[in-house]
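Undergrad: One structure, pasted below without further comment.
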Amino acid sequence: MIAEIETQYAYAKSNGHTNSAIKALELLSRVRGAKSGKDIDMSPEGLEANIVETLQMLGKKKVMGFVKKCKF
C-alpha cells in the first residue's frame, strides 16, 4: 500500500498536481505513523535519519535545487 501511495505522490508531484501530492504525503504520514514533535529523536543520529527520510520524499531534483541555494 505504501508503495502505491508513493507512486501516486511522485506522479502528482511531477505533473504539478500540488493538492494531490500534499494529500498523498498526508496519507503516507498517517500510514507510517507520523511522530509528534515530542516523539522525534533529537540525537544527532536521529535528526540525520529524519533529514534523510525527508530528502528522499522530496526527490533528487528538488533537493539539488535546495543545495544550489546554499552557500557552503
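Any read-out appearing in this document is the output of simple, stated calculations on the displayed coordinates, not a laboratory observation. Keep in mind that this is a model prediction, so the values were computed, not measured. Reconstructed Cβ throughout: ideal geometry from the backbone, glycine too, with neighbour counts over all protein chains shown.
Undergrad: When the chain is fully extended, how far beyond the present Cα-Cα distance does T54 get from C70, taking 0.36 nm per residue of separation? Intermediate values should be presented prior to the final figure.
TA: On the way: separation 16, 0.36 × 16 = 5.76 nm, distance 1.74 nm.
Taking 0.36 nm per residue and subtracting the Cα distance, the gain is 4.0 nm.
Undergrad: So if I place +1 on the C-beta of Lys and Arg and -1 on the C-beta of Asp and Glu, and nothing else carries charge, what would the dipole magnitude of region 2-69 be about its Cα centre? I want it in debye, nearest 20. The partial results should precede the final answer.
TA: Values: 11 positive and 8 negative charges, 83 e Å.
The calculated dipole for region 2-69 is roughly 400 debye.
Undergrad: Per DSSP H run of n ≥ 4, the term is -39500 (n - 2.57); total these for the chain, divide by its residue number, and report the mean residue ellipticity at 222 nm rounded to 500 deg cm²/dmol. Walk me through the numbers on the way to the answer.
TA: On the way: 4 runs with 53 residues, N = 72.
Taking each H run of at least 4 residues, the total per residue is -23500 deg cm²/dmol.
Undergrad: Here is a further query. Could you give each residue of region 43-55 its phi-based ³J(HN,Hα) in whole Hz, using Karplus coefficients 6.51, -1.76, 1.60 with θ = phi - 60°, and x for Gly or Pro?
TA: Those phi angles translate into 5, x, 5, x, 5, 4, 4, 5, 5, 4, 4, 5, 4 Hz.
Undergrad: Please go through region 1-65 and write out the trypsin sites (Lys or Arg not before Pro) that DSSP classes as loop and that have at most 15 other C-beta atoms within 10 Å.
TA: K35
Undergrad: To continue, here is another question. Given 0.36 nm per residue, what is the gain on full extension from K62 to K23 after removing their alpha carbon distance, in nm? Intermediate values should be presented prior to the final figure.
TA: Values: separation 39, 0.36 × 39 = 14.04 nm, distance 1.85 nm.
Additional length available on full extension: 12.2 nm.
Undergrad: Shifting gears a bit: State, in angstrom, two size descriptors of region 2-69 derived from its alpha carbons: Rg to one decimal place and Dmax to the nearest whole number.
TA: So, for region 2-69, Rg and Dmax equal 13.2, 37 Å respectively.
Undergrad: Connecting C-alpha atoms closer than 10 Å in a GNM of the chain, tell me which of A49, A24, A12 has the biggest fluctuation.
TA: Looking only at A49, A24, A12, the largest GNM fluctuation is found for A49.
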